[in-house]
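Worksheet: the structure to be examined is printed underneath.
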Amino acid sequence: MEYRIGQVISGIVTGIQPYGAFVTIAEGVQGLIHISECHNGYVDNVLNYLKINEKVKVQIIDIDEYNGKMSFSIRDITKKNAYLKSSGVKINHKYYWTNRSVNTGFEAIDNKMDSWINQQLG
């Protein structure tokens, strides 16, 4: 099977370490759920959230092209599901890293510095 980032799949927890849990999704295909991806919020011990041989649903967040290892997240799935259930808003997965309504472009900072200082000083 061909896997892709963002795909949600089921797997079995096969090992737990202080830094995360190993999950097998198919024979010979394994990945890691880092401790920070086990649960929303602070996780002090992975064993509080996952157990060996537990069946889990994970989202693929990274695939190493060279060794085929994957990084998984449970946190992303639960966060999105909780958001969707509570708000009823459809997520369209479009991310804009800038404000589309501001059309200043890439003016040199030197050209804008005086106006920024005057704005802040009021």
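The values are calculated or read from the model by the stated rules, or taken from the named source; none is laboratory data. Predicted model only: the values in this text are computed from it and were never measured. Virtual Cβ from ideal backbone geometry, glycine too; neighbours counted across all protein chains shown. Surface areas here come from the heavy atoms of the whole protein model, side chains and all, with no ligands, DNA or RNA. Shrake-Rupley method; radii C 1.70, N 1.55, O 1.52, S 1.80 Å.
Out of everything in the range 42-61 that is within 17 Å of the chain's Cα centre (by Cα) and at pLDDT 90 or above, what residue ends up being surrounded by the most Cβ atoms within 10 Å (Cβ to Cβ)?
The residue in question is V58.
For the range 23-37, state whether one or more residues are open to solvent by 40 Å² or more (accessible area, probe 1.4 Å) and in contact with a His (Cβ under 9 Å, 6 or more places away or on another chain).
No, the range 23-37 contains no residue that is open to solvent by 40 Å² or more (accessible area, probe 1.4 Å) and in contact with a His (Cβ under 9 Å, 6 or more places away or on another chain).
Scan the range 45-54 and tell me whether some residue there is in a strand (DSSP E or B) and among the aromatic types (F, W, Y).
The answer is no; no qualifying residue exists.
F22 passes all but one of (1) closer than 19 Å to Y3 by Cα; (2) at pLDDT 90 or above; (3) within 15 Å of the chain's Cα centre (by Cα); which number fails?
For F22, the exception is condition (3).
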